[in-house]
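For reference, the structure discussed in these notes is given below.
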Amino acid sequence: MKRKEDARFIRGRGQYVDDVVLPGMLHGAVLRSPLAHARILSIDTSAAEAHPKVHAVITGETLAGLGLAWMPTLSHDTQAVLATDKVRFQGQEVAFVVADDRYAARDALALIDVEYEPLDPVIDAKRALDPDAPVIRTDKDGKADNHIFDWESGDRAATDAVFADAEAADDQLVVVQDMIYPRVHPAPLETCGAIADMDPVTGKLTLWTTTQAPHAHRTLYALVAGLPEHKIRIISPDIGGGFGNKVGIYPGYVCAVVASIVTGTPVKWMEDRSENLMSTSFARDYHMRGEVAVTRDGRIRGVRVHVLADHGAFDATAQPTAFPAGFFGVFTGSYDLEAAHCAVTGVYTNKASGGVAYACSFRITEAVYLIERMVDVVAHDLGIDPAELRMRNLLRPEQFPYQSKTGWEYDSGDYPHTLQVALDKAGYAELRAEQADRRRRFEAGEPVSLMGIGLSFFTEAVGAGPRRSMDILGLGMADGAELRVHPTGKAVLRVSCQSQGQGHETTFAQIVAQELGISPDDIDVVHGDTDQTPFGLGTYGSRSTPVSGAATAMVARKVRERAKIVAAAMMEVSADDLEWNDGRWQVAGDPDASRSMADIAMAAHSNLELPDGVEGHLDATCVYNPPNLTYPCGAYVCLVEVDPGTGAVDVRRFVAVDDCGVRINPMIVEGQVHGGLADGVGMALMQCIAFDLDGNCLGGSMMDYLLPTSLECPSWELGETVTPSPHHPIGAKGVGESATVGSPPAVVNAVIDALAPYDVRHADMPLTPAAVWCAAQGNPLRPDLGIT
Ligand code: MCN
Ligand code: CUN
């Protein structure tokens, strides 16, 4: 089925936040710090206030008077809304101007005079832990260093024992590799913004905003600002992409709300591209050491990991678990291990708050990258083919449900089969033969490019989630769904999740259609408006299908059961005699005696026909609290050509076999995978937010922060296996982030494989031509990653 929402998108009739225009609306702009670390000595706003088109200038001092200068983050830290004492990263919010139009607001920014006393910036995460490093969070009482947290997962003693054993044994070895997952940014098409409309008479706040989680945001505004929750309405209309960038609450949103309260008029704030890239929602920035204990015949026994996590100046991780690095716990990947342990240390640096999401499921991306790179390093050191090494170590189908060594219960999968499908589709053996031939020609001095074949096998963990392990500010992670079938048999579904391009209006209608025998065209899906939808935690961590999708199937089944009673009354039979057949309630054994949902709906609304005790109307509500996450998986094969003269990488082919359980809409799933694969090629080869030693952000525009285009992407070759989730009502697993998680290691493994004639064991992303060329020359310097 084609996407229902595209009818408006391809006609230019979508409504994004920046399309919203309210009568009398004023415009806000944010003054940002030019320095990465500096004390604020004074802020003089008088000249800006005197500007004829300026209505108000808000500073940290204004906010402090309201108790709003600092706000809590999702990871139990605090973040400055507008800086009062110090600025802590380049681009940090310092003041907010409200003016008649966007241009006047921007002009007035230049009239604000801020006196800064520059301080030494801390840019390198390792340097952040030096005893003499400048302390960034001096706002925290008694804080004398830049350390945020230490977190661990797995059994340290058991893992150390396996490693000691492997070190002592002749037939085993320990393989060690350091690697960096660089800082990247999701860069959605629409930047972040908000229009706040506080009605001074009714006291009702309507906030149009780019959020992936409208209900959670509403509750947070209520808790933090003391606004009554029933008087807050959050509307998140069509959003031009989220990718995790729109999970958090940004200072600009809060400023727009305060500005609307102060001026008594609606206030719009939309950031520009550079503001989005420099100040919002970075991801990754993990410095990792992986260690693998393995027998010489390729049996992986244990994995040990240490990570230094650079979270920037405020720990604003969009982390829905109670744990600071929670989902990194899936670093054991798809393999059957004896023991595993990881330790993650989080530090503050003078960078925009990081540690947030980017199609990542909160650290799974880094974990998958680490283990899939490590498996290739082991294959390199042992001289075993990487496909063969994976086959020897993958979990076997009979091990499911599988209890991982770090406490996760993988629900289902047939990993060797999924990998085999990918290898067959790629023609793996023939590719290796072609590669061997190419290498012979290269060694013979022919001017040929180097061919590399890279694999990855990933397990994702999506659909947050079980209440015990994942409460966010004490809120459970259950999602609501409400379904009404109208008298003529048309239905409206209301869900708490929020589509940013994933096609929920189509797929959620398809779920209801499947359960009720109504055409998906006759089902409207309402989302993204807290006044119109039930509570739930929104769309991130690929949780819409696992949680809201499950709620949708369950609410439809409730309606179907109610319809059964009405149908029985209509046909004057006992409900026990009815069976659900081909989208109709039918008298068992009598195909001529049946009623469609439309027949039943009309009767249910004309109470005359209903006997006493049978409730009229046809609607239901449901709250779904998932018993577990869902665990999609996939096997990817990437084929690259590397130019040995320039280091340029060309992705020649990419085979992706995903298993996301039952597919509701195969076309949409493929679209999700296409997007994620492009993301992976981008991160592996070009995307990186770097900083110079003074803390200047070097990725503040799309001239510097490179996103992949169709030119860098091959024509994707997709395949599928289907292992339904045993606990999901329709057996579906999430897929929205799978390819972003699974593809970077496949691309990197391919490039390193291509460099085999130079005996390169590892090189860090992004594998730009310069980085690849330097790696081939044995040059370890990476100024782009701060390694000089
Ligand atoms: N689907 C399906 N069958 C399945 C699984 C999913 O048909 N077995 C469909 C779903 O019904 C839905 C889509 O595929 O229409 C994605 O579903 P799901 O995996 O549940 O992910 P979410 O809808 O929760 O989307 C979130 C996910 C995340 S976290 C990021 S980040 C990301 C991603 O989606 N951001 C995106 N894909 C994106 N795609 C677009 N266009 N824009 C974004 O911002
Ligand atoms: Cu991890 S980015 Mo998505 O969860 O919105």
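From the list Arg543, Arg560, which residue is basic (Lys, Arg) and within 16 Å of ligand 2 (Cβ to nearest atom)? Full working, then the answer.
On the way: Arg560 fails: within 16 Å of ligand 2 (Cβ to nearest atom).
None of the other options fit; the residue is Arg543.
For the stretch 194-212, the candidate set comprises residues that are of a type in the set (Ser, Thr, Tyr) and more than 16 Å from ligand 2 (Cβ to nearest atom); within that set, the residue that is surrounded by the most Cβ atoms within 10 Å (Cβ to Cβ) is Thr206.
Screening Gly480 with (1) modelled with pLDDT of 95 or more; (2) more than 16 Å from ligand 2 (Cβ to nearest atom); (3) in a loop (DSSP other than H, G, I, E, B) gives one miss only, at (3).
The single residue among Pro200, Pro251, Pro214 that is more than 17 Å from the chain's Cα centre (by Cα), over 30 Å from Thr709 (Cβ atoms) and at pLDDT 95 or above turns out to be Pro251. Applying the criterion of being assigned to a strand (DSSP E or B) and within 16 Å of ligand 1 (Cβ to nearest atom) to the residues of the stretch 182-197, the residue that is modelled with the lowest pLDDT is Val184. The lone criterion from (1) modelled with pLDDT of 95 or more; (2) within 16 Å of ligand 1 (Cβ to nearest atom); (3) closer than 26 Å to Leu31 by Cα left unmet by Trp208 is number (2). For Phe442, the stated conditions do not hold, so it cannot be described as among the hydrophobic types (A, V, I, L, M, F, W, C), at pLDDT 95 or above and closer than 21 Å to Val377 by Cβ.
The residue of the stretch 338-372 that is farthest from ligand 1 (Cβ to nearest atom), among those that are surrounded by fewer than 24 Cβ atoms within 10 Å (Cβ to Cβ) and closer than 17 Å to Val176 by Cβ, is Ala339. With respect to the conditions (1) within 23 Å of the chain's Cα centre (by Cα); (2) over 28 Å from Arg543 (Cβ atoms); (3) not aromatic (Phe, Trp, Tyr), Ala593 falls short on a single one, namely (1).
Which residue out of Pro766, Pro757, Pro783 is more than 22 Å from Phe442 (Cβ to Cβ) and either buried (at least 22 other Cβ atoms within 10 Å of the Cβ) or touching a helix residue (DSSP H, G or I) at 6+ places or on another chain (Cβ under 8 Å) (or both)? Step through it out loud before you land on a result.
Numbers: Pro757 fails: more than 22 Å from Phe442 (Cβ to Cβ); Pro783 fails: either buried (at least 22 other Cβ atoms within 10 Å of the Cβ) or touching a helix residue (DSSP H, G or I) at 6+ places or on another chain (Cβ under 8 Å) (or both).
Unique residue meeting the criteria: Pro766.
Per-residue answers, yes or no, for (1) within 16 Å of ligand 2 (Cβ to nearest atom); (2) not in a loop (DSSP other than H, G, I, E, B):
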residue	(1), (2)
Ala216	yes, yes
Tyr221	no, yes
Val224	no, yes
Arg233	no, yes
Ile239	yes, no
Gly242	yes, no
Val247	yes, no
Val254	no, yes
Ser260	no, yes
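Would it be correct to say that Leu431 is touching a residue at least 60 places away in the same chain (Cβ under 8 Å), touching a helix residue (DSSP H, G or I) at 6+ places or on another chain (Cβ under 6 Å) and of a type outside the set (Asp, Glu)? So Leu431 does not fit the description; no. Contact map, the stretch 121-147: residues that are not assigned by TED's automatic domain parsing to the domain that holds Gly695 and modelled with pLDDT of 95 or more paired with residues that are surrounded by fewer than 16 Cβ atoms within 10 Å (Cβ to Cβ) and hydroxyl-bearing (Ser, Thr, Tyr), Cβ distance under 8 Å, separation 6+ or inter-chain. No pairs are found.
Can we say Glu388 is at pLDDT 95 or above, closer than 27 Å to Asp310 by Cβ and of a type in the set (Asp, Glu)? Give the steps one after another, and end with the answer.
Values: at pLDDT 95 or above: yes; closer than 27 Å to Asp310 by Cβ: no; of a type in the set (Asp, Glu): yes.
When the stated conditions are applied, Glu388 does not pass them.
The values are calculated or read from the model by the stated rules, or taken from the named source; none is laboratory data. These numbers were taken from a predicted model, which means no experiment stands behind them. Because the Cβ atoms are built from the backbone with ideal geometry, glycine has one as well, and the counts that use them run over all protein chains shown.
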